[in-house]
Amino acid sequence: MHNWFECKINYEKVAEDGIQKKVTEPYLVDALSFTEAEARIIEEMRPYISGEFTVMDIKRARYSETFLNDNGDRFYRAKINMITLDEKSGTEKKTPVQMLAQASTIHDAISVIDTGMKGTMADYVIASVTETALMDIFPFVAEVKTVKKSEEEIASSGE
């Protein structure tokens, strides 16, 4: 399960007209703690920003699911009501959850959410979809380290 943090970065950006302008942009990082989120956002942003930048704010973002789509260039926050049946009273219960979808338009975001939710057994209703200001997201990717044994090590270990 992902543990998302929204990090706001402040830096000087060169606008299209050539003028330098201070901007604050939000990014989403998958990390275990606030400290790791700060370290990860600095590591991820360093290649893209020339000059100094500051991490202005870090706050926990509670997304139960993220649906990434390579064709999308925007991020949409969706409020989904999961519908369950209360066995004691026999009434429907709606449990709200927040999800994030990457898409080009709101219609594409709804389609991405519906496609991502196809495998679920629970009924749901999309209550709202709004565009976020997020510039990019950085999910955690585990590095796979390969160890190459020399022929002598293999021979001595009996493999």
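The values are calculated or read from the model by the stated rules, or taken from the named source; none is laboratory data. Remember, predicted model here, so these are calculated numbers, not experimental data. Cβ placement follows ideal geometry from the backbone for every residue including glycine, while neighbour counts extend to all protein chains displayed. All accessible areas refer to the heavy atoms of the entire protein, side chains included, with ligands and DNA or RNA removed. Shrake-Rupley method; radii C 1.70, N 1.55, O 1.52, S 1.80 Å.
Can you pull the percent of the stretch 7-94's accessible area that's carbon plus sulfur, 1.4 Å probe, other chains left in place?
45 percent
How much accessible surface does Ser33 have with a 1.4 Å probe, in Å² rounded to 10?
Rounded to the nearest 10, the figure is 50 Å².
So with the 1.4 Å probe, I'd like the accessible area per residue for the chain, rounded to whole Å².
Normalised by residue count, the accessible surface of the chain is 70 Å².
A 25 angstrom limit on the alpha carbon distance is what I want to check against. Which of Lys79/Lys118; Lys8/Lys79; Lys22/Lys79; Lys8/Lys94 exceed it?
Beyond 25 Å between Cα atoms: Lys22/Lys79; Lys8/Lys94.
Calculated FRET efficiency, Thr24 and Met82, Cβ-Cβ r, R0 41 Å, to nearest 0.05?
The pair Thr24/Met82 has a calculated efficiency of 0.75.
All other residues with a Cβ under 13 Å from the Cβ of Val14 taken together, and with Lys, Arg as +1 and Asp, Glu as -1, what is their net charge?
0
Which GluC sites (Glu not before Pro) in the stretch 15-55 pass both tests, a DSSP loop state and at most 16 other beta-carbon atoms within 10 Å?
Glu16, Glu52
Run the helix sum for the chain: -39,500 (n - 2.57) per DSSP H stretch of 4+ residues, divided by residue count, reported at 222 nm to the nearest 500 deg cm²/dmol.
-5500 deg cm²/dmol
In the stretch 14-94, which trypsin sites (Lys or Arg not before Pro) are in a loop and have at most 11 other Cβ atoms within 10 Å, using DSSP for the loop call?
Of the trypsin sites (Lys or Arg not before Pro), the ones in loops of the stretch 14-94 whose Cβ has at most 11 other Cβ atoms within 10 Å are Arg62, Lys88.
Keeping every protein chain in place, order Glu12, Glu25 by accessible area at 1.4 Å, biggest value first, i.e. largest first.
Glu12, Glu25
Taking every eigenvalue of the Cα gyration tensor of the stretch 30-115, multiplying by 5 and rooting it, what semi-axes result, largest first, whole Å?
34, 19, 9
At a temperature of 20 °C and a viscosity of 1.002 mPa s, determine how fast the stretch 52-96 diffuses translationally according to Stokes-Einstein, using the Kirkwood radius over alpha-carbon pairs as Rh; express D in µm²/s, rounded to the nearest whole number.
Translational D for this selection: 147 µm²/s.
Report, as a whole number in µm² per second, the diffusion coefficient that Stokes-Einstein gives for the stretch 1-44 at 25 °C and 0.890 mPa s using the Kirkwood radius over alpha carbon pairs.
Estimated via Stokes-Einstein, D reaches 211 µm²/s.
Chymotrypsin sites (Phe, Trp or Tyr not before Pro) within the stretch 16-90: which are DSSP loop residues with at most 12 other Cβ atoms inside 10 Å?
Sparse-neighbourhood loop chymotrypsin sites (Phe, Trp or Tyr not before Pro): Tyr48.
If I model a spin label as a point 7 Å beyond the Cα along the Cα-Cβ vector, how far apart are those points for Arg46 and Ala127 in nm?
Going by the 7 Å Cα→Cβ label model, 4.1 nm.
Among (i) 9, 28, 27, 17, 11, 7, 2, 0; (ii) 10, 38, 34, 14, 4, 1, 0; (iii) 9, 28, 25, 20, 14, 4, 0, find the value of P(r) over Cα pairs in 10 Å bins from 0, in percent that was calculated from the structure presented, and write down its label.
Structure-derived value, by its label: (i).
May I ask you to derive the FRET efficiency for Thr91 and Thr120 from their Cβ-Cβ distance with R0 = 30 Å, giving the value to the nearest 0.05?
0.90
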